[in-house]
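Okay, structure first, notes after.
The values are calculated or read from the model by the stated rules, or taken from the named source; none is laboratory data. This one's a predicted model, so the numbers in the text were calculated from it and none came from an experiment. Side chains included, ligands, DNA and RNA excluded: accessible areas come from the protein's heavy atoms. Shrake-Rupley method; radii C 1.70, N 1.55, O 1.52, S 1.80 Å.
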Amino acid sequence: MAFITSNLSPRIGTRIETDHATLLSGEKSAGIRELLELRGVLIFPVINFTDEEQMQFSRTLGALVDQGEKGLYKVTLDAKITPTAEYLRGTVLWHFDGFSDDVPARASILTARKTSPIGGQTEFANTYAAYDDLPEERKQALSKLRVVHTMAATQRDVFHNAPAEMQQRWASFPPKVQPLVWTHRSGRKSLLLGSSADWIEGMDKAEGRALLDELLAWTTQPKFVYRHEWQVGDMVIWDNCGTMHRVEAYPSDSGRMMHRTTLVGEEPIA
Ligand code: OGA
Ligand code: MN
């Protein structure tokens, strides 16, 4: 069956046009996984999968994280539908998913069920490409740095003047120390940044903060970024180990609804 791929920009993003049967059969799963690691994000325009199809297709790529309803998690800011809606407000900041996991999710698969009339477009940045383009001496200087990731850091810029009980809830998530440069089993390296990156171990807090801000700005330059403008029925997969993502702010009562499946992590951060 037809399986047509086209790159959306030189450094990130590939569009795949194909049909349900090809995707559900698993015949392309090895190729899709390879392409995902190489291109960071894959777009399947208006593929219009049902929940069952999304889960079946996702399982051709790996094991599903047990979340939401039988592995299908509803990404919405409506707390009546999704109890974790409050944390999801933090998705407007650049991040990777599961900073506190020893083995972060391999990839996430998002389908658009209802878009927002305002905002709600999603951007992805290639953290392999951002590392590769650093000058050699900068790579050396960064190679030994370790970053402390916290829940508070993912939330405090979204909830200004957070009440004490909210801050206590954030503090109940243990901080996680991760290398700034992730050396993958493949030998490739990527920058591990995002909103959870709070300070750099052993470095003056303000100095570390300035470095993290500078590297985030570097990594999210237009040449490393793909912005997806959603249409209902689109499916997007991102490599959670080689990209960051963020969603443009959208109203919590917009009705925006995305259905997500997540592939279990396969490689510890090292
Ligand atoms: C997520 C996420 C972005 C979006 O589900 O992890 O960050 O566009 N979603 O809703
Ligand atoms: Mn996310």
Phi-based couplings in Hz for region 2-11 (Karplus 6.51, -1.76, 1.60; Gly and Pro marked x):
4, 8, 10, 10, 9, 6, 8, 7, x, 9
Per the C-alpha gyration tensor (a ≥ b ≥ c, the square roots of its eigenvalues), region 1-150 is rounded if a/c is under 1.5, else prolate if a/b beats b/c, else oblate; here it's oblate
When a/c reaches 1.5 or more, the comparison of a/b and b/c decides; with that in mind, is the chain rounded, prolate or oblate per its Cα gyration tensor?
oblate
Provide the per-residue ³J(HN,Hα) series for region 100-117, in order, calculated from phi with Karplus coefficients 6.51, -1.76, 1.60 and θ = phi - 60°, each as a whole number of Hz, with x at glycine and proline positions.
8, 7, 5, 10, x, 3, 5, 6, 10, 10, 10, 10, 8, 9, 8, 8, 9, x
I'd like the accessible area for residue 172: 1.4 Å probe, protein heavy atoms, all chains in place, Å² to the nearest 10.
80
Please give the Cα centre distance for region 137-187 versus region 1-44, rounded to the nearest Å.
31
With a/c under 1.5 counting as rounded, go ahead and sort region 158-227 into rounded, prolate or oblate using the C-alpha gyration tensor (a ≥ b ≥ c being the square roots of the eigenvalues; past the cut-off, prolate if a/b is larger than b/c, else oblate).
prolate
At 0.36 nm per residue, minus the direct Cα-Cα distance, what do residue 172 and residue 101 gain on full extension? Give it in nm, one decimal, please.
24.1 nm
Give me the aspartates and glutamates in straight-line cross-link reach of residue 114: C-alpha distance below 17 Å, same-chain residues under 8 apart excluded.
51, 78, 229, 234, 248, 253
Mean Cα-pair separation over length for the chain, i.e. relative contact order, pairs under 8 Å, 6 or more apart, %
36
For residue 196, enumerate residues with amide H under 5 Å from its amide H, sequence gap 5+ or separate chain, H modeled in the peptide plane.
96
Using a 1.4 Å probe on the protein chains only, how many percent of the accessible area of the chain belongs to carbon and sulfur?
53
Pick from 149, 184, 245: which residue has the top mean-square fluctuation in a GNM of the chain where Cα pairs under 10 Å get a spring?
184
Sort 173, 159 by accessible area with a 1.4 Å probe, largest first.
173, 159
So how do 80, 74 rank on accessible area, 1.4 Å probe, biggest first, that is with the largest at the start?
80, 74
Accessible area of the chain divided out per residue, in Å², using a probe of 1.4 angstrom
46
Table column - 3J(HN,Hα) (Hz), region 230-242, Karplus curve with 6.51, -1.76, 1.60, x for Gly and Pro
6, 10, 4, x, 5, 10, 10, 10, 10, 6, 6, 9, x
What's the extension gain from residue 188 to residue 89 if we count 0.36 nm per residue and subtract their Cα-Cα distance?
32.5 nm
